[in-house]
Amino acid sequence: EIIAKFGQLDILFNNAGIAAIAPAEDMTLEHWQKTMDVNLTGTFLVAQAAGRLMIKRKQGSIINMASMSAHIINVPQKVADYHAAKAGVIGLTRCLAAEWAPYNVRVNVISPGYHKTEMNMQWKEAHPGWIERIPMGRLAEMEELQGLVLFLASDASTYTTGSEVITDGGYTLW
């Protein structure tokens, strides 16, 4: 549809994620696989499709969404599947960046902390504990990612590939 309407694909913002709390010892294979399918496999398949088009044009920017959860262990929620999938997104991003750099296709990843997303708002009882660990003392607004996404999508970042930007209000400083 994008090619039919615009003639080319310049930017992919690859932003998908699900999480459901389950202790690792009780997590079913189906639960694990669904998280991997959406968070990691879906990211790969969409990047692959976009990458094929961008490689032909020798130009493009792919921005994947991971999570600070690739670097820390969230508490109190138990989401081993989410942690593993989002760490995989970072590894995938770095590999694609290296493979596609010769084609002028940039691939970067954003790892946000606790933002006011629909997913995070379902765990309101955990918010006080999260906020206590965030040096900036609050959850982020979704709009606070816009500037970073625009930078990575724009010509202002033409020499940036394989990079990860963690936007977590300082959570991972500890």
| query | Is it the case that Trp32 is touching an Asp or Glu at 6+ places or on another chain (Cβ under 7 Å), farther than 23 Å from Trp130 by Cβ and of a type in the set (Phe, Trp, Tyr)? | reply | yes
| said: Given (1) surrounded by fewer than 16 Cβ atoms within 10 Å (Cβ to Cβ); (2) within 18 Å of Gly17 (Cα to Cα), identify the lone condition not met by Gly170. | reply: (2)
| message | Here is a list: Ala153, Ala140. Which entry is small (Gly, Ala, Ser), at pLDDT 95 or above and closer than 12 Å to Gly113 by Cα? | response | Ala140
| task | Name the one entry in Gly88, Gly162 that is of a type in the set (Gly, Ala, Ser) and at positive phi. | result | Gly162
| query | Tally time: how many residues in the range 27-86 are in a loop (DSSP other than H, G, I, E, B) and open to solvent by less than 40 Å² (accessible area, probe 1.4 Å)? | reply | 7
| query | Is the range 150-158 home to any residue that is touching a Ser or Thr at 6+ places or on another chain (Cβ under 7 Å) and open to solvent by 70 Å² or more (accessible area, probe 1.4 Å)? | reply | yes
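The values are calculated or read from the model by the stated rules, or taken from the named source; none is laboratory data. This one's a predicted model, so the numbers in the text were calculated from it and none came from an experiment. So basically every Cβ, Gly included, is an ideal-geometry build from the backbone, and we count neighbours across all protein chains shown. For accessibility, only protein heavy atoms count, side chains too; no ligands or nucleic acids. Shrake-Rupley method; radii C 1.70, N 1.55, O 1.52, S 1.80 Å.
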